[in-house]
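Here is the structure we will look at, set down as structure tokens.
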Amino acid sequence: MRARTPVAAAAAVGALLAVATPATAEDGGKPAGTVAWSAGHESAGAAGERWIEQPGDLVISGKLSNTGEGCYSVWTRFVNDFAPGPLRKQAEVCGAGAVDVHVRQAYRPTTTGRLTVCKGTEDVKDCGPWQNITSWPVNRD
């Protein structure tokens, strides 16, 4: 019974990688299997798509926009092997307008990540709900 545990664990990791590794488009365009994401707070919102690129990078691409006054920012936090990484500001906009959001993060099956939009550009004290950016829907094509 003990000899089967590593085999079962390897099979489980393989199944997880099959679900969490979208194929990329062959024509060099937008990757196949992208997943939409969005977050917002007060007059600001951020939205885009995310995907996995080989050999193991999570790519998050989108826009942060603000329709009102004041400054807003997009923040991420990743956890690798149960060890939380630092909070990182990824983009900021002040006043009405929009800016690109582009994040590239090393990704493994034990990586989890969250993203939020916050008022201001210095900290995460006044933010919208944190959104999971490392959950992957199972597509049955």
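The values are calculated or read from the model by the stated rules, or taken from the named source; none is laboratory data. Since this is a predicted model, take the numbers as computed values, not measurements. Ligands, DNA and RNA are stripped out before the accessible areas are found, and what is left, the full protein with its side chains, is counted by its heavy atoms. Shrake-Rupley method; radii C 1.70, N 1.55, O 1.52, S 1.80 Å.
Data overview
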| read-out | value |
| --- | --- |
| Gyration tensor verdict on segment 31-84 (Cα atoms; rounded if a/c is under 1.5, prolate if a/b is larger than b/c, oblate otherwise) | oblate |
| For segment 66-141: accessible area per residue (Å², 1.4 Å) | 60 |
| Within the accessible area of segment 72-124 (1.4 Å probe), percent carbon and sulfur | 52 |
| Antiparallel bridge percentage (DSSP; both residues within segment 29-141; nearest 5) | 100 |
